[in-house]
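Chemist: Below is one structure. I have some questions about it.
The values are calculated or read from the model by the stated rules, or taken from the named source; none is laboratory data. Quick caveat: nothing in here was measured; it's all calculated off a predicted structure. Every residue, glycine as well, gets a Cβ built from its backbone with ideal geometry; the counts of neighbours run over all protein chains shown.
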Amino acid sequence: MLQRLLPFLTLITLFVSLSIATPNFLTHLNLSTVVRQTAVINIIALGMTLIIVTSGIDLSVGAILALSGFLGAKAMEAGYSIPMAILIGLTVGTTCGLINGFLITRLKINPFIVTLGMLGVIRGMTLTISNGLPASGVPEGFSFLATGTLLGLPLVLWILVVCAVAMHFVLEYTKLGRYAFAIGSNPDAAYYAGVPVSFHLTFVYAIAGLLTGLAAMIEASRLMTGQPTAGQGYELQAIAAVVIGGGSLRGGEGTVLGTLIGAFIMGLLSNGSDLLGINPYLQQTLIGLAIIVAVTLDELRKRRLPK
Amino acid sequence: MLLELKDIRKTFGGVTALRSGNLSVKPGEVHLLMGENGAGKSTLMKIVAGMYQPDGGEIRWNGQPVQFANPAQAASAGIAMVHQESLLFPHLTVAENIYLGRTGSGPFVSRRQMLDNARKLIEDQRFPLQADWLVSKLSPAGKQMVEICRAVSLGSSLLIFDEPTSSLSESETREVFRIVKNLRDRGMGVIYITHRLEELRTVGDHVTVLRDGATVHSSPLAELDTQGLIRHMVGREVAALYSRTPVPPGEPLLVIENLCRKPLLQNINLTVRAGEIVGMAGLVGAGRTELCRAIFGVDQRDSGSIAVCGQPVKASEPREAVQSGVALITEDRQKTGLATQLSIACNVTMANLDSISSYGTLDLKREKTMTSGYQEKLRIKMNAPTQLAGRLSGGNQQKVVISKWLATGAKVFLFDEPTRGIDVGAKVEVFQVMDELARNGAAILMVSSELPEIQQVADRIVVMRQGRISGELPGGASQEDIMRLAVFETESGRMPGEDEGTIQ
């Protein structure tokens, strides 16, 4: 039980130590910054949690983020309204997710391979249509999405909370979530039980695409441009958040709370290193170590139990 | 004494697997180790083979106290284990598997020498194997032969068989017995873990019974009758293994006509009526599992028709079969039956989530009540509906799988080797469930390789041989009659090909 709580205790410890170590940490401004910085990864990681529960993986989310964000920003440049542009971003993300799901279930190709291929396809497409140049004709008002506040808290925090609650509900209380666990835990048993495996898997990747589209619009709002090179390496950060939070790449395991904790541990490590003046290059090493330690502890916990 | 175990203890986390394991094996002896699932047999043997380290107690090997830190140490001392689930490398050849890790010094492998050695070894044992076959293409029996070859080539003096015959057909079982006797006659000690009461008389010299992690009995086999053995194993008297109360059969619920599927199934005609338990016997590879798969839509048939409850079905995928009221309890529970990492409740409702959901939202309270209902009905030994299904014993896992299908309200039940790997007490309970299902109007087709089971449970016995139905017998038909249909041509009565000629 103690070890199940370990990610949570780590987060608390990290929080308390940073509060003591530097006076700049526990301020409204800094904590808002942490929330804004981690929200994008956090929202992507929610979709990744659902995918990893089915024992799948999506390496293309960073590329999807770039394409959705770029096309959303391009729409604003072309004169579309902000809500319309956001809708376009979400649609692009969902479509990419659908294509992933479709390839995985119809062609029966391993998700790792499909999404690795799609990572290249989508990233290359984004660079081609943008010619490598960002879409920057974004109206002033668009910055509200990333920097606005609602009831004194960052708007992105509200968005994250709504998405997290929704994803928690999907995982624990819906047929889709239950089938995701069944497919991830034992795909053959699920198939024999008459679970429509292909349909639900496709749906899962589409949901992850939708969340990535949302994250893309927040990222675009944060940068106030649609960067065709945005989101590089985000897929790995999202996967890391899920894994640190107790999700298993073998499938059948993963919780929304765990993923949120995982993402915030990484966010605090990064923010704390900034505040303490630790070399930014070293931050990557710290986060890498955190992943290995988290997974090792989780494995040890599982090994101590009888089969 | 070759091997002596005294007071071996082992706990995993908070769970005690062994409280007091005691066992003594002489050279040239076949020592049966018996007990229900969860009694600690496998744990005790894994300690002997160096896979686990004991928390307490003493191991003596040839009179000397020893401790094996890993399987390699046990192997070099001369202890080898043939596993229940094969631990071979499927993508390597038979020869490579036999000699893996011992291909001589230096980084290079002399393929030819290895093949030659393997061929000699296989010939010596009279196994129907080829040294250059891929292990992934072998039957379970073939895989065990490879493990035995490996053990013999290591010069082992103690060989442990962990339920060697649970996945084998009748003829393959006899082949394993021949091998075991052969090894014993060469002076090797053999420890043989088994569940199957009926087969032990022919091979065993001595028997040790474990119950709840402790040795409760040890004596020469001749001094213990079957009733006494069951008493020691379950700690209570079991009157009769099973008896069925047949009911007059009703409407035909499953009708199969001229079903063919290349390369195996040919012209299958079969009808199962409401209230009937039809036993299906045959050798492994006769097409019984394949027939179940074709009925359930896992494999597509080439021609012929299937009707369930009077309605013709396409049987193009399991989903359709489930919806038309067919249930398949597969022979491989771990692979296709149970999601072991998920809770019992998740497993129970997996095939019929609609019954606990509205607009895609689950009613978890209802799921819990439903699971508790089946827990009571099938007497599943479990802590809570949230417990992981993989933590249950084999018998209770099987009951969870059966609950899953009861929840779908299926009318046609296909049981493929329903008692594989489960203990005596649970077997009886599985049969009671089948009996009750039949009395409530379900049609049951039961595939089993254990003839006594078929004899006692089935109302009619259908026998398959090489993809065809070779005959039908009334319930309680003699084992000889069943085996005749399973092995010989129906009319001429002559022996088929050499490969099946191992029956004595």
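Chemist: Looking only at the stretch A:163-178, decide whether some residue is assigned to a helix (DSSP H, G or I), surrounded by 24 or more Cβ atoms within 10 Å (Cβ to Cβ) and either at the interface with chain B (Cβ under 7 Å from one of its Cβ atoms) or hydroxyl-bearing (Ser, Thr, Tyr) (or both).
Modeler: Yes, there is a match, as at least one residue in the stretch A:163-178 is assigned to a helix (DSSP H, G or I), surrounded by 24 or more Cβ atoms within 10 Å (Cβ to Cβ) and either at the interface with chain B (Cβ under 7 Å from one of its Cβ atoms) or hydroxyl-bearing (Ser, Thr, Tyr) (or both).
Rundown of residues vs (1) free of Cβ contacts under 8 Å to residues at least 40 places away in the same chain; (2) among the aromatic types (Phe, Trp, Tyr); (3) more than 26 Å from A:Pro134 (Cβ to Cβ); (4) touching a strand residue (DSSP E or B) at 6+ places or on another chain (Cβ under 7 Å), yes/no style:
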position	(1), (2), (3), (4)
A:Ala208	no, no, no, no
A:Gly233	no, no, no, no
A:Thr255	no, no, yes, no
A:Gly267	no, no, no, no
A:Asp274	yes, no, no, no
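Chemist: Before we move on, is B:Lys411 away from chain A (no Cβ under 12 Å), of a type in the set (D, E, K, R) and in contact with a helix residue (DSSP H, G or I) (Cβ under 7 Å, 6 or more places away or on another chain)? Outline the logic, then answer.
Modeler: Details: away from chain A (no Cβ under 12 Å): yes; of a type in the set (D, E, K, R): yes; in contact with a helix residue (DSSP H, G or I) (Cβ under 7 Å, 6 or more places away or on another chain): no.
No, not satisfied.
Chemist: Let me ask something else about it. In the stretch B:295-327, which residue that is surrounded by fewer than 21 Cβ atoms within 10 Å (Cβ to Cβ) and facing chain A (nearest Cβ under 9 Å) is nearest to the chain's Cα centre (by Cα)?
Modeler: This residue is B:Val298.
Chemist: When you check B:Thr330 against the structure, is it crowded, with 22+ Cβ neighbours inside 10 Å, closer than 23 Å to A:Gly252 by Cα and within 14 Å of another protein chain (Cβ to nearest Cβ), yes or no?
Modeler: Here the answer is yes, as B:Thr330 does meet what is asked.
Chemist: Can you name the residue in the stretch B:430-478 that is charged (D, E, K, R) and closer than 19 Å to B:Asp332 by Cα and, of all such residues, is modelled with the highest pLDDT?
Modeler: B:Glu453
Chemist: Which one of the conditions (1) under 26 Å from the mean Cα position of the chain (by Cα); (2) more than 9 Å from chain A (Cβ to nearest Cβ); (3) under 26 Å from B:Ile295 (Cβ atoms) does B:Asn383 fail to meet, given that it meets all the rest?
Modeler: Here B:Asn383 clears every test but (3).
Chemist: Among A:Thr147, A:Thr115, A:Thr126, which is the only one that is crowded, with 18+ Cβ neighbours inside 10 Å, touching a residue at least 24 places away in the same chain (Cβ under 8 Å) and over 22 Å from A:Ala78 (Cα atoms)?
Modeler: When all the criteria are applied, what remains is A:Thr115.
Chemist: Quick one: A:Ala190 ticks every box in (1) away from chain B (no Cβ under 14 Å); (2) of a type in the set (Gly, Ala, Ser); (3) crowded, with 22+ Cβ neighbours inside 10 Å bar one, so which box is it?
Modeler: Here A:Ala190 clears every test but (1).
Chemist: Could you pull out the residue among B:Ser372, B:Ser343 that is within 31 Å of the chain's Cα centre (by Cα), without any contact (Cβ under 8 Å) to a residue 60 or more places away in the chain and more than 10 Å from chain A (Cβ to nearest Cβ)?
Modeler: Checking each option against the conditions leaves just B:Ser372.
Chemist: Could I ask something else about it? How many of the residues in the stretch A:23-43 are surrounded by 15 or more Cβ atoms within 10 Å (Cβ to Cβ) and either farther than 12 Å from A:Val256 by Cα or without any contact (Cβ under 8 Å) to a residue 60 or more places away in the chain (or both)?
Modeler: The total comes to 13.
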